[in-house]
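Notes follow the structure.
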Amino acid sequence: MPTFIASIAGKRVDDRRPWPRLIVTTDTWQSVAHALADGRATLLGLWGDAGASCAAHMAIIAADATEIAVVSLECPEETFPSVGAVHPPAIRLERAIHSLYGLTPVGAPDLRPWLDLGFWDVQYPLGAHTPAPAVRPAYAFLPAEGESLHQIPVGPVHAGIIEPGHFRFTASGEAVVRLEARLGYVHKGIESLMAGATIERAARLAARTSGDSTVAYGIAFAHAVEAALEVEAPRRARYLRALMAELERLANHFGDIGAICNDASFSIMHAHCGVLRELVLRAADACFGHRLMMDRVVPGGVAVDLGPDGAAALSDLLKRLRQRFPRLVELYDNTASLQDRTVSTGIVRADLARQFGAPGYVGRASGRNFDARKAPGYAPYDELDFAVPVLTAGDVNARIWVRIREVEQSLLLVEQLVARLPNGPIATALDADSGEGLGFVEGFRGDVLVSVRLAGGRVVRCHLRDPSWFQWPLLEAAIEGNIVADFPLCNKSFNCSYSGHDL
Amino acid sequence: MRRTLLESLTQGPLTETPPSPDDAALAELAAAVARTARRRLGRSLAIRQVDAGSCNGCELEIHALNNAFYDLERFGLRFVASPRHADVLLVTGPVTRNMREALERTYNATPDPKWVVAVGDCAIDGGIFAASYGVVGGVGAVVPVDLHIKGCPPTPRKLLQGLLALLEGGAAA
């Protein structure tokens, strides 16, 4: 029996790698939407295209995570049947398509603007690009009705050193009845800047989509470009990329573990985790010449090689982290007052995590056994030994423990990568060719999807999907029934990206 | 925990010697900031950070200023939660059209005298994001800027040099 993805009928697009893209009929489009709703496949992305190639595209992955496909529906009438009507995870993506491209998802349950907050000179900036109307209706937040409810608006400028976004709480006393996020404040129009860019410039843009995941975005973009041009990065480059990716994961996980504890007023964890994070960033700087390793991954390979000094810095780093981290884990585990805040707070139900295809630690803390490094998998992880920790409690505590276990796995990975680092070149030259490619990479936060279409060595179209798209809505579900004062704790345990989401 | 605390006592601090203030920053400040304002600000500054559209890279390094290696607070510099408590706005990012009004309102909520420090290459002129329909430009296109700290993102050491110049500028007046 063919798998669900193999059974999708459609016209296969040439020059699309490594996974197929199928141009489908409206009926097939709708049957795929229903398959998502039934759980036969998981939604990976939904985006649009304007002008002559006006279409809606949907990336899906089979339930067993082995196969990926993109299905495209051409929309000459600028409409397509709503996926969100049957599968809620698609709703915000469709709102973004409507606001950016002007395509209308017919039958969509929610068509309020998304990302467009009413401040742009243009309407449908990636589509018709028409002047914005002079007067726009005020944004209507979703209602919550009942006696003695009150609203708390928060943001876009928050109290800490964090990104901007607006949260609208409706509370009954201390308990949150409804939270609705309104995002888009850091929308920079990255996809419009991508169009027509050289591959080099586009890679720099991709690396600045979400600064904390610059390596993950760099790799995802490189994979997409290399697939489109049928080029393979050398083995040594693949290993160095993975090394950078694991350092990025370590730095962010240390930062997060400390910051979550800090939001429960346990600052000693924050102070010590901050030291560990700094040690990782300094090692990254010593190895690759940049603390966040920005622009070190390039399409075709990597920009800098690891010298003997770098390898020594890494083995010293591993030694110091292994000395200090287990004691912090013990401290977390043995502090009842801290656990009192994190255990059973902000629970994400397993069925929601599965439905939304919750990326990263958010999914893995709620029973979703998914890691793009394992399946569909990519080099060099197929040659390395590591486990994917999965927990089921779905609370703040579980999201901390998944990170702790992932730190331990990343330490093992760094060790293996350094020990087995193959010799050879670190980059392959790229031709000014044409083609389409998809990159799918596990960042620290979850899976990053990049779709790219190239012509003559330039980017025609590039779509970048941050893992946060499928995490933000779950934060709203997780906070329901919790007290307002626990929101920072829940929010930090998700640590969603604003910039990656807003693009 | 006891072991961790005891070790902190015996091992000595991780905190490093501060860098000397950035000369270019001192020169920029001398030209930009009025003497009276500098005298009023004194040697302790409250900083309010505003992300006006950054990729979050600059925020990560600004965060690092609070870690044990850089320990910003030893200089009398501290981050505050409200612009109403702030002397300095530390603004990152190209200013997006969606954040312009929020930045203006934050600036207006900050009491005089105040300084604005633009952090990162994007904050100077919009950087790689300039020319987008979603971006106004650098921070200077929306609020007056007293000091620029370059870098993508600037390292914590670079940030520290810039901020120390702010204190030196105040003391020299």
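Pick from B:A64, B:A130, B:A81: which residue has the top mean-square fluctuation in a GNM of chain B where Cα pairs under 10 Å get a spring?
So, out of B:A64, B:A130, B:A81, the one fluctuating most is B:A81.
In what sequence do A:V154, A:V448, A:V71, B:V117 fall when counting other Cβ within 10 Å, fewest first? Write down the numbers at each step before the final one.
On the way: A:V154 16, A:V448 30, A:V71 22, B:V117 25.
Placing the least packed residue first, the sequence is A:V154, A:V71, B:V117, A:V448.
Take A:T3 and A:S267, extend 7 Å from each Cα along the Cα→Cβ direction, and tell me the distance between the two endpoints in nm.
For A:T3 paired with A:S267, the spin-label model returns 5.1 nm.
Could you tell me what fraction of 2.2 N^0.38 Å the Cα radius of gyration of segment A:393-503 comes to, as a two-decimal ratio?
With N residues counted in segment A:393-503, Rg over 2.2 N^0.38 Å equals 1.46.
Simple spin-label model, 7 Å along Cα-to-Cβ: A:R282 to A:D64 in nm?
Label at A:R282, label at A:D64, 4.9 nm between them.
Who wins for biggest fluctuation among B:A46, B:A102, B:A118 in a Gaussian network model of chain B, springs between alpha carbons below 10 Å?
With Cα springs under 10 Å in chain B, the top fluctuation among B:A46, B:A102, B:A118 is at B:A102.
So, with +1 on the Cβ of K and R and -1 on the Cβ of D and E, and no other charges, what is the size of the charge dipole of the protein assembly as shown about its Cα centre, to the nearest 20 debye?
Using only the charged Cβ atoms, the result is roughly 1040 debye.
Return the FRET efficiency for the residue pair A:H150, A:N423: r is the Cβ-Cβ distance, R0 is 56 Å, and the value is rounded to the nearest 0.05.
0.30
What lysines does B:K158 reach when the alpha-carbon gap must be under 23 Å and sequence neighbours fewer than 8 apart in one chain are set aside?
Reachable lysines: B:K114, B:K150.
Quick check: pseudo-label points 7 Å beyond the Cα along Cα→Cβ at A:R327 and A:E200, how many nm apart are they?
Each label point is offset 7 Å from its Cα along the Cβ direction, giving 4.8 nm.
Can you pull out the chymotrypsin sites (Phe, Trp or Tyr not before Pro) in segment A:344-417 that DSSP calls coil and that have at most 14 other Cβ atoms within 10 Å?
none
Can you pull out the chymotrypsin sites (Phe, Trp or Tyr not before Pro) in segment A:239-336 that DSSP calls coil and that have at most 11 other Cβ atoms within 10 Å?
Passing both the DSSP loop test and the Cβ count: no residue.
So what's the back-of-envelope 222 nm ellipticity for chain A, counting only DSSP H runs of four-plus at -39500 (n - 2.57) apiece and dividing by all residues, rounded to 500?
Rounded to the nearest 500, it is -12000 deg cm²/dmol.
List residues of segment A:309-348, by number, whose backbone nitrogen lies under 12 Å from a label position 7 Å along Cα→C-beta of B:R2.
Counting only backbone N, you get no residues.
What size of dipole, in debye to the nearest 20, comes out for segment A:286-366 about its Cα centre when the only charges are +1 on Lys and Arg C-beta atoms and -1 on Asp and Glu C-beta atoms?
160
Could you work out the longest stretch of chain A that avoids the GluC sites (Glu not before Pro) located in DSSP loops with at most 14 other Cβ atoms within 10 Å?
Here the longest run is A:233-479.
Could you work out how much longer the chain between A:S172 and A:S337 gets when fully extended? Use 0.36 nm per residue separation minus the Cα distance between them, nm to one decimal. Before the final figure, lay out the partial values.
On the way: separation 165, 0.36 × 165 = 59.40 nm, distance 2.58 nm.
The A:S172-A:S337 span can extend by a further 56.8 nm.
Suppose the chain between A:A485 and A:S344 were pulled fully straight at 0.36 nm per residue; how much longer would it get relative to their current alpha carbon spacing?
Full-extension gain reported as 49.3 nm.
Relative to the first principal axis of the alpha-carbon coordinates of chain B, what is the inclination of helix B:97-109, with its axis defined by its Cα atoms, in degrees from 0 to 90 and to the nearest 10?
Value to nearest ten degrees: 70.
What does the extension gain come out to for B:S82 and B:T17, with contour length at 0.36 nm per residue minus their alpha carbon separation?
Between B:S82 and B:T17, full extension yields an extra 20.4 nm.
Suppose R0 equals 51 Å; then what is the FRET efficiency for A:A312 and A:D14 from their Cβ-Cβ distance, rounded to the nearest 0.05?
The value I calculate is 0.60.
Please report, ordered by residue number, every helix of chain A (full DSSP H runs) that is 24 Å or longer along its axis going by C-alpha atoms and whose mean Kyte-Doolittle hydropathy reaches 0.5.
Working: long enough: A:235-263 (42 Å, -0.29); A:267-288 (31 Å, 0.80); A:308-334 (40 Å, -0.50); A:396-420 (36 Å, 0.32).
Going by DSSP H runs, the hits are A:267-288.
Read the figures in this text as sums done on the coordinates, not as results from a lab. Because the structure is a prediction, the values reported are computed rather than measured. Cβ coordinates were reconstructed from backbone atoms using ideal geometry, including for glycine residues, and neighbour counts include every protein chain displayed.
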